[in-house]
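Please read the structure below before turning to the comments.
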Amino acid sequence: MNNFDDSMFEELEEESGSAPSSRPPGNRNFLVAVGLLGVIFLLALVALIAYAVLFLPGQRAARQEQAALINAQNTATAMAATQQAATEFALMTPSVTPLPSPTAVVVFATETPEPEATDTPEVEAILAAEMNARTQTVAALLTQAAAGGATATALPSAGFVDDLGVPGLVGLSLLLIAVIFLVRRLRLSTNS
């Protein structure tokens, strides 16, 4: 069934005078490849640590500064809109003026009567004070809302890295490297 002659290889080994090597020549290439992958992994790990130490704090501070600036702009806009609405409301509110009392009609009048003083300045002062109090209350509420809810407290959690974290990924990579070595060793031991 098999036409292959194994005796030819035995003769070549006897002529060369050396015993066959216990390590196949492909094993050196495998070790070089694993070593290169290990070096690449370590360089990537050092680069990630350097990025986390050097660049992330600056980016985080810039993001917080930008959020504070946006909050201040939103608060100023809300206060301006509230003041404008209060001014428009005050202008649209009709003033309360009492109706003139009925007077007798004189056909020939010699003097023009002075108009009676109305109490509209007092009513306008009361309305203005009330609107000012409302404006201050709304401005305070808007400031509290802007300070409390506009900043992000956490990044969204989605994906494989968020579930395991960096230590989990390092452990998983070491486990995979160990599996590679064990499978290689098992393969070599069954071939001998």
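Please treat every number below as a calculation from the coordinates, not as lab data. Remember, it's a predicted structure, so these values are computed and weren't measured experimentally. Every residue, glycine as well, gets a Cβ built from its backbone with ideal geometry; the counts of neighbours run over all protein chains shown.
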**Prompt:** Roughly speaking, what is the stretch gain from R185 to F55, that is 0.36 nm per residue apart minus the C-alpha to C-alpha distance, in nm to one decimal?
**Reply:** 42.6 nm
**Fill in**
Quick calc, Q84 & V123: beta-carbon distance into FRET formula, R0 22 Å, rounding 0.05, result 0.50
**Prompt:** Tell me, what ³J(HN,Hα) does each residue in the stretch 60-67 have, in order and in whole Hz, if you take phi through Karplus 6.51 cos²θ - 1.76 cosθ + 1.60 with θ = phi - 60° and put x for Gly and Pro?
**Reply:** 5, 5, 5, 5, 5, 5, 5, 5
**Fill in**
Between A140 and A178, the two model label points (7 Å from Cα along the beta-carbon direction) sit apart by a distance in nm of 6.3
